[in-house]
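Asks: Provided herewith is a single structure, encoded as structure tokens, for subsequent inquiry.
The values are calculated or read from the model by the stated rules, or taken from the named source; none is laboratory data. Only a predicted model underlies this, so the values are computations on that prediction, with no experimental measurement involved. Cβ: placed from backbone, ideal geometry, glycine included. Neighbour counts: every protein chain shown. The area values use the complete protein model at the heavy-atom level, side chains included, leaving out ligands, DNA and RNA. Shrake-Rupley method; radii C 1.70, N 1.55, O 1.52, S 1.80 Å.
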Amino acid sequence: MSDGHFCTPRQVTAGVPGYLDTITCRAVLPESRKSHSALSTPGQVAEALADVARPLTIQYTPPPSPPPAPAVVSRSEGLDTQQRTYVSQPLPPKQPSTLNRVLMTFVVLLVIAAVGVGAWTLGRKLGNPAPPEAAQSQPPPSATAEPQIVKPSNATGFDPLGDDGAEHPELADDAVDGKPDTFWHTTNYNNATLGNLKPGVGLLLDMGKPTKIADVIATLSSASGASVELKVGDSPDLSSLKTVAKQKDASGKVTLTPDEAATGQYVLIWFTRLPADAGKFRGTIYDVVVYSPGTA
């Protein structure tokens, strides 16, 4: 004991291995565990000693008794008497107290028991191998930011297969101004298939630079029957624009989401079938919003 507290094995006897000192404190000295958890069962002690080599038995040999002190004889001149002076010898080292001996005995017994339990447990594991552990679940994917709105730098009516190559380009900006009462529309046709004159017509957006496309939300007229495609590419030529999404019988607000990652400078909303409008057929777009994927 020191100031009312139990000393650790290393404080009592020099040379005690650090791992034995730590395991002893975790098992029997609560106030000396520091940040280590307690060892309260033989299994926990065995696990703590799993990677520790078996300790060797230490033979203790008491120091030999000191030889008798030699006598130093001095003679005084003219005297027949002898005076003997003995040289003092250092006292033998203080033996460990009874409490310390009991504590060390307990530690040795504890280690022997732990090693025995560990050997028994290891033998059981070798004889009955446990099934492989289930694969740890993968951590949840990191959150990503919400898609961001990307403003086009230019918009125009797109009619590459028509006679003049244009489709009301003067109204194209009304479809990207964010106002619900302005719109772009196609020419009036005699039937839903553009009068059988061409396979399609649409609104072309120039994003100004190659842009990743997450979604395109287009607000069409309320009349049903429109078929629209979303095309993306790096050139305003129809042949270089790739179809990435389609929707049939579309009306009102329509969300066109690419089936796979799409990147390009040009975004085309392409009508292949037109809804009825006042006895004729035409496509109408009140508003277009382009979204690009956000970053984490």
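Asks: Picking from Val228, Val254, Val288, which residue would you name as being in contact with a helix residue (DSSP H, G or I) (Cβ under 6 Å, 6 or more places away or on another chain), assigned to a strand (DSSP E or B) and closer than 26 Å to Ala192 by Cβ? I'd like the intermediate steps shown before the answer.
Replies: Working: Val228 fails: in contact with a helix residue (DSSP H, G or I) (Cβ under 6 Å, 6 or more places away or on another chain); Val254 fails: in contact with a helix residue (DSSP H, G or I) (Cβ under 6 Å, 6 or more places away or on another chain).
Going through Val228, Val254, Val288 in turn, just one is in contact with a helix residue (DSSP H, G or I) (Cβ under 6 Å, 6 or more places away or on another chain), assigned to a strand (DSSP E or B) and closer than 26 Å to Ala192 by Cβ: Val288.
Asks: I would also like to ask the following. Which ones in the range 257-285 are part of a strand (DSSP E or B), touching a Phe, Trp or Tyr at 6+ places or on another chain (Cβ under 7 Å) and open to solvent by 20 Å² or more (accessible area, probe 1.4 Å)?
Replies: At the first step, the residues of the range 257-285 found to be part of a strand (DSSP E or B) are 262-273, 276-277, 280-281, 284-285.
Applying the additional criterion that residues be touching a Phe, Trp or Tyr at 6+ places or on another chain (Cβ under 7 Å) yields 268, 280-281, 284-285.
Across the range 257-285, the qualifying residues are Lys280, Phe281.
Asks: Something else now. Which condition breaks for Ser235 when tested against (1) surrounded by 17 or more Cβ atoms within 10 Å (Cβ to Cβ); (2) within 21 Å of Asn154 (Cβ to Cβ); (3) not acidic (Asp, Glu)?
Replies: For Ser235, the failing item is (1).
Asks: Residue by residue through the range 151-189, note down the ones that are under 18 Å from Ser221 (Cα atoms), polar (S, T, N, Q) and surrounded by fewer than 16 Cβ atoms within 10 Å (Cβ to Cβ). Spell out the reasoning first.
Replies: Start the filter on the range 151-189 by keeping residues that are under 18 Å from Ser221 (Cα atoms), which leaves 157, 167-168, 171-189.
From what is left, the residues that are polar (S, T, N, Q) are 182, 186-188.
Within the range 151-189, Thr182, Asn188 qualify.
Asks: Just one of Pro68, Pro55 is part of a loop (DSSP other than H, G, I, E, B), under 26 Å from Leu99 (Cα atoms) and either open to solvent by 90 Å² or more (accessible area, probe 1.4 Å) or modelled with pLDDT under 70 (or both); which is it?
Replies: Values: Pro68 fails: under 26 Å from Leu99 (Cα atoms).
One residue alone meets the criteria, Pro55.
Asks: Still on this structure: Checking Val102 against (1) at pLDDT 75 or above; (2) closer than 26 Å to Val117 by Cβ; (3) loosely packed, with under 13 Cβ neighbours inside 10 Å, which single condition isn't satisfied?
Replies: (1)
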